[in-house]
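A short worksheet on the structure shown next.
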Amino acid sequence: MYLADEKRYDKINYRRCGKSGLKLPEISLGLWHNFGGVDTFENFRAILRTAFDQGVTHFDLANNYGPPPGSAEENFGVLLKKDFLPYRDELIISSKAGYLMWPGPYGEWGSRKYLIASCDQSLKRTGLEYFDIFYSHRPDPETPLEETMGALDTLVRQGKALYVGLSNYDAEQTRAALAILKDLGTPCLIHQPKYSMLVRDPEEGLLDVLEENGVGCIPFSPLAQGLLTDKYLHGIPDDSRAGKVTGFLQKDRVTPEIITQVAALNEIAKERGQSLAQMALSWLLKDPRITTVLIGASRVSQLLDSLKAVENQNFDEAELRGIEAVLAL
Ligand SMILES: NC(=O)c1ccc[n+]([C@@H]2O[C@H](COP(=O)([O-])OP(=O)(O)OC[C@H]3O[C@@H](n4cnc5c(N)ncnc54)[C@H](OP(=O)(O)O)[C@@H]3O)[C@@H](O)[C@H]2O)c1
């Protein structure tokens, strides 16, 4: 039987999510990779237990996580039953709908039909009674924003979600969606954008919109799927995301140009007494507009390494200038 570490709440800081009443750990764990039907049960069980033992209370899912799609939610459901049911009220569990999940016109994007049916499926797969956060996973260019936001509002009113979030919406789409949600009486809790040292689009307006509206921010792929670690410095390991056939990171993303940047960043990290993964995470956390960073991990040792990022979130001017110079290469 799993008994969580009694000291778990002394190990990590919790930040308020925008202007809401909800606090999230500075590091959250995503189940996009490494928790699917192709992965090893004992490995992902150990990752999830370690995360919670370290005070990580937030786990992020989506309907399509696997592979195969849906299997990460199913596996999470098994772990919930075996290990985490006594701790349900200590957990913030999110899911999303937006990408292709089933055939036909109602299996993806942002219609009311798809969002509500998908949330019902995700609740069944996980065995949860409700999600703490339910997201529209991507904007839909064809469905009126009022319909997509109305579906999120309905899920809250039906008791299937406590809060709602947006993911992959740009600054202007976000501004419009936040206004609709506010009018409906279901304010948006959080936004989940792709954001890392290598992908900086949220700095171009999105972070300002979130701050103005009191909405939290949870950057996904903060390690650029593993590129912002030292693992690709000497080639592509077979057991890495770029090396595996089931990994979303394409081998051709590991370019000599990126590796030159990563090697230089690795030197700056060493001078700070951090691993590159830790520096990449603390570089995001230095911004108070960031609520939590949403990492992935394929093994316990990575999770423990990344969690140490919270110990050093201060950067001096010279370090920041050095990092900017490398990123401008
Ligand atoms: N909303 C969206 O559209 C969206 C899209 C993508 C992801 N997400 C969410 O964000 C979560 C995180 O995304 P991500 O997995 O791409 O995040 P990430 O943290 O950028 O990358 C995680 C990968 O980096 C490697 N890694 C992690 N820590 C390491 C360390 N300390 N040292 C060396 N390597 C390390 C591992 O890859 P190896 O396999 O190579 O070991 C790990 O699987 C997902 O699980 C999901 O919840 C959301």
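Nothing in this text is a laboratory measurement; each read-out follows from the coordinates by a stated rule. Just so you know, these numbers come straight off a predicted model, no measurement behind them. With ideal geometry, Cβ positions are generated from the backbone for all residues, glycine too; neighbour counts draw on all protein chains shown.
A few remarks follow.
- Relative contact order for the chain: 18 percent, from Cα pairs under 8 Å spaced at least 6 residues apart, divided by residue count.
- Dividing the alpha-carbon radius of gyration of the range 160-266 by the rule-of-thumb value 2.2 N^0.38 Å gives 1.34.
- All lysines inside 27 Å of K81 as judged from Cα atoms, apart from same-chain residues fewer than 8 positions distant: K7, K11, K23, K96, K124, K160
- Plainly put, the chain has a radius of gyration that is 0.95 times its Kirkwood radius, both from alpha-carbon atoms, as the Rg/Rh ratio.
- Take the Cα of R253, go 7 Å toward its beta carbon, and the backbone nitrogen atoms of the range 167-210 under 12 Å from that spot belong to 194-196, 198-199.
- Per residue, the chain reaches -11000 deg cm²/dmol at 222 nm when only DSSP H runs of four or more residues are counted, each adding -39500 (n - 2.57).
- Residue ranges 255-265, 273-283 sort as 273-283, 255-265 when ordered by packing (mean number of other C-beta atoms within 10 Å per residue, highest first).
- Potential lengthening of the chain between D230 and L100 amounts to 43.5 nm, from the contour at 0.36 nm per residue minus the alpha-carbon distance.
- Rounded to 10°, Cα long-axis angle of helix 276-285 versus longest principal axis of the chain: 50 degrees
- Between V300 and N43, the contour length at 0.36 nm per residue exceeds the alpha carbon distance by 91.7 nm.
- Computed extension gain for K82 through V199, at 0.36 nm per residue and net of the alpha carbon distance, reaches 38.4 nm.
- Folded to 0 to 90 degrees: helix 317-327 orientation relative to the chain principal axis, Cα: 80 degrees
- Dipole check for the chain: with +1 at the C-beta of Lys and Arg, -1 at the C-beta of Asp and Glu, and the Cα centre as origin, the magnitude is about 740 Debye.
- Model label points for K11 and D120, set 7 angstrom from Cα along the Cα-to-Cβ axis, are 3.9 nm apart.
- Degrees separating the helix 256-271 axis from the principal Cα axis of the chain, which is the longest one: 70 degrees
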